[in-house]
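Throughout, read-outs are computed from the coordinates displayed, never taken from laboratory work. Everything numeric here is computed off the predicted structure, so don't read it as measured data. Every residue, glycine among them, receives a Cβ derived from its backbone with ideal geometry; neighbour counts consider all protein chains shown.
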Amino acid sequence: MNLNEIIFPVREEIRTFNREFKTAIRSNVGIVDTIARYVLHQKGKKIRPILVLLSAEAGGGITPSTYHAATLVELLHTATLIHDDVVDGADTRRGIASISATWKNKVAVLMGDYLLSRGLLLSLFNDEFQFLKLSSIAVKRMSEGELLQIQKAKQLDMDEETYFRIISDKTASLISTCCELGATSATRDESIVLRMKAFGEYLGMAFQIRDDVLDYEGKTATLGKPIGSDIRERKVTLPLIYAFADAPKRTSRSILRLLKNGKAGSKISEVIEFAQNYGGIDRARKKAEEFASKARYELEEIPESEAKSSLLKLTEFVVERMS
């Protein structure tokens, strides 16, 4: 299954979105416009605006407000990626030099702020105050999730419950908001909006768990980042949490010492082998599939349509993807 098959019901609408996003990101300030064009050349999957469009189409039909919502979430998402690269000290993004590596951290932070403000102003200028409220809540949750993860990386005392809270806030919150915004732009039926919101939450959980699994079993060439990035950054994600639960205490302590001493980066293969041997990767993969199944359940009461079929296919794509 590929993304082209999934986006088929909204393929023309995606072209319209791309034009609107290009307009929204541009500036008459030279350096801002130069970086904006650089951002536009970074060809991501655009999962989030696709979710807005599909959710609107499934919920009643795409409206002009749908394009505003799709542009808003892509601006917010792009801003967070730029800020993340600063925080992580990342030199590359999607296989090319990051903005922070090219223009340095100060410019990158300000560019992220610019994109964030453009998204918020888009809602204000169009009197879409509900969009502003929902997106602001998502940004708050994303920040809290990232900060909690940083705290836990220092303490190295992550458990399953805390991990789920972190990924719910830092990843699922925006994906859930995409689906909620899309439905809100298309219908006043609150039951449809709530189901789409829940669908997005579960889909986001599955997406992040799969992303964390790929850090253990993916390939650098397809991921666009080195394998074991989470290990280098001392992030204890679900594959390790499950492996720690099932491995002998002595073996778990040995791996934990590597993380605490900052030596895991030089022994990534050893940590990955530990997660593999004690079932952490398999269990995490199954958990992603469980969340994808919950997402599909939320769509059962949504009327049949090509867009709904695409959302169902997207749940399969999320857990099967290799990048």
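For Thr92, nonlocal amide neighbours, meaning residues 5 or more places apart or on other chains whose placed amide H falls under 5 Å from its own, are Ser98. Within the straight-line cut-off of under 17 Å between alpha carbons, the lysines reachable from Lys43 are Lys22, Lys225, sequence neighbours fewer than 8 places apart in one chain being disregarded. 3J(HN,Hα) along the range 49-59, derived from phi through the Karplus expression 6.51 cos²θ - 1.76 cosθ + 1.60 where θ = phi - 60°, amounts to x, 4, 5, 4, 5, 5, 5, 5, 4, 6, x Hz, with x in place of Gly and Pro. The angle between the Cα long axis of helix 64-88 and the longest principal axis of the Cα atoms of the chain comes to about 30 degrees, rounded to the nearest 10.
Relative to the current alpha-carbon distance between Thr92 and Glu300, full extension at 0.36 nm per residue lengthens the span by 70.9 nm.
If the chain linking Asp33 and Glu290 were pulled fully straight, counting 0.36 nm for each residue of separation and taking away their Cα-Cα distance, it would gain 88.2 nm.
Just to verify a number: FRET efficiency for Glu270 and Glu190, C-beta to C-beta distance, R0 = 41 Å, to 0.05?
Numbers: r = 51 Å, r/R0 = 1.25.
Efficiency computed from Cβ-Cβ geometry: 0.20.
Per-residue Karplus couplings for the range 297-303, computed as 6.51 cos²θ - 1.76 cosθ + 1.60 with θ equal to phi - 60°, are listed in order as 4, 5, 8, 4, 8, 7, x Hz, Gly and Pro entered as x.
Taking 7 Å steps out from each Cα toward its Cβ at Ile137 and Thr162 produces label points 2.7 nm apart. Anisotropy class assigned to the chain is oblate, per the alpha carbon gyration tensor with a/c at or over the 1.5 cut-off and a/b no larger than b/c.
Taking the average, over residues, of other Cβ atoms within 10 Å as the packing measure, peptides 56-69, 77-90, 25-38, 197-210 rank 197-210, 56-69, 77-90, 25-38 from highest down. How long is the gain from Glu320 to Leu110 if the chain were fully straight, where each residue apart is worth 0.36 nm and the alpha carbon distance is subtracted? Here the segment from Glu320 to Leu110 would lengthen by 72.0 nm.
Of the peptides 116-127, 249-260, the ranking by mean beta-carbon count within 10 Å, highest at the top, reads 116-127, 249-260.
Could you sort out which of Lys154/Lys235; Lys170/Lys197; Lys46/Lys235; Lys154/Lys263; Lys235/Lys313 sit more than 19 Å apart by Cα distance in this structure? Violating the 19 Å Cα-Cα cut-off are Lys46/Lys235; Lys235/Lys313. Taking the Cβ of Glu57 as the center, what net charge do the other residues with Cβ under 12 Å away carry, scoring Lys and Arg +1 and Asp and Glu -1? So the surrounding residues net to -1. Per DSSP H run of n ≥ 4, the term is -39500 (n - 2.57); total these for the chain, divide by its residue number, and report the mean residue ellipticity at 222 nm rounded to 500 deg cm²/dmol. Mean residue ellipticity at 222 nm (helix-derived): -24000 deg cm²/dmol. Rounded to the nearest 10 degrees, the inclination of helix 190-217 to the longest alpha-carbon principal axis of the chain is 40 degrees. For the chain, the longest principal axis of the alpha carbon atoms and the long axis of helix 105-125 meet at an angle near 40°. Applying the Karplus relation 6.51 cos²θ - 1.76 cosθ + 1.60 with θ = phi - 60° to the range 10-17 yields 3J(HN,Hα) values of 10, 4, 5, 5, 5, 4, 5, 4 Hz, where x marks Gly and Pro.
Counting alpha carbon pairs within less than 8 Å and at least 6 residues apart, what relative contact order, in whole percent, applies to the chain? Answer for the chain is 21 percent.
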